[in-house]
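The values are calculated or read from the model by the stated rules, or taken from the named source; none is laboratory data. These numbers come from a predicted model, not from an experiment. Don't worry about glycine lacking a Cβ; one is built from the backbone with ideal geometry, like all the others, and counts go over all protein chains shown.
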Ligand code: GLN
């Protein structure tokens, strides 16, 4: 086993890739390469093999309702193997449309329901309008800084069951449903969130959290060598300031 080689899978890059979600994979790749890792990214489209046993991290992006409808059958057909991999600790980031499909079910704008794979104990109902704008949350993960910034644009409203841990608390923006101040969900090493952006270039501390888990998942030791992110974190701080009322809006 070559401990300096990482394999990421990008599920449904052709369908689920809104607002530059692919930038999350690029950010993970770069921050791994800058630390001396070789990275392979497998693009996995519907019906393609997904060799979960040889993957160190999984990413799935957001999508419009019609794109979610195009992948949902394939996604649900992979439920058993995905749940087994999540239970083993596969680090995963799922954004917006993919986050919704990790719950029990998702109601598209015309009222029909799509099934999810029920990894997260949540469901997403169709809203009467779209939740659009910039978001700042305080994450529950062990991150520094604890804030995460991003951009949301979703019709669905997500409700967590009691006991389902959110990713964080909304400081600005809508988050899961605009009512309970919760954003995203976390279970094992799977993170679901409404934050596009791309998310990880704006939040390098979350990119490193995921990378460290990917390396730990592969080798048993997730220690990361230090890598500066001065400009990214300055941009991050400016966004937090701006969207929490500290500056220009
Ligand atoms: N189609 C979903 C919704 O509107 C997800 C949108 C997205 O991924 N940005 O809620």
Checklist entry - Wholly within the range 18-122, which helices (runs of 4 or more DSSP H) include no fewer than the required count, namely at least 1 residues that are within 16 Å of the ligand (Cβ to nearest atom) and modelled with pLDDT of 95 or more? => result 22-33, 65-77, 97-101
Checklist entry - Can you name the condition, by its number, that residue 113 falls short on among (1) over 26 Å from residue 164 (Cβ atoms); (2) loosely packed, with under 15 Cβ neighbours inside 10 Å? => result (1)
Item to check | When residues of the range 75-101 are limited to those that are out of contact with any helix residue (DSSP H, G or I) (no Cβ under 9 Å at 6 or more places or on another chain) and touching a residue at least 40 places away in the same chain (Cβ under 8 Å), the one surrounded by the most Cβ atoms within 10 Å (Cβ to Cβ) | outcome: 99
Checklist entry - Where residues in the range 64-73 are buried (at least 17 other Cβ atoms within 10 Å of the Cβ) and in contact with a strand residue (DSSP E or B) (Cβ under 9 Å, 6 or more places away or on another chain), which of them is farthest from residue 29 (Cα to Cα)? => result 65
Checklist outcome for this item: Cβ pairs under 9 Å, 6+ apart or interchain, first in the range 130-158 and more than 16 Å from the ligand (Cβ to nearest atom), second assigned to a loop (DSSP other than H, G, I, E, B) and at pLDDT below 95, ordered by first then second residue, are 136/244; 147/244; 149/197
Item to check | Qualifying positions in the range 171-188 - away from the ligand (no atom under 16 Å from the Cβ) and under 16 Å from residue 143 (Cβ atoms) | outcome: 171, 186
Item to check | Failed item in (1) in contact with a strand residue (DSSP E or B) (Cβ under 8 Å, 6 or more places away or on another chain); (2) within 17 Å of residue 199 (Cβ to Cβ), with residue 17 passing the rest | outcome: (1)
Checklist entry - Taking the condition closer than 22 Å to residue 188 by Cα and either part of a helix (DSSP H, G or I) or modelled with pLDDT of 95 or more (or both), does residue 7 pass? => result yes
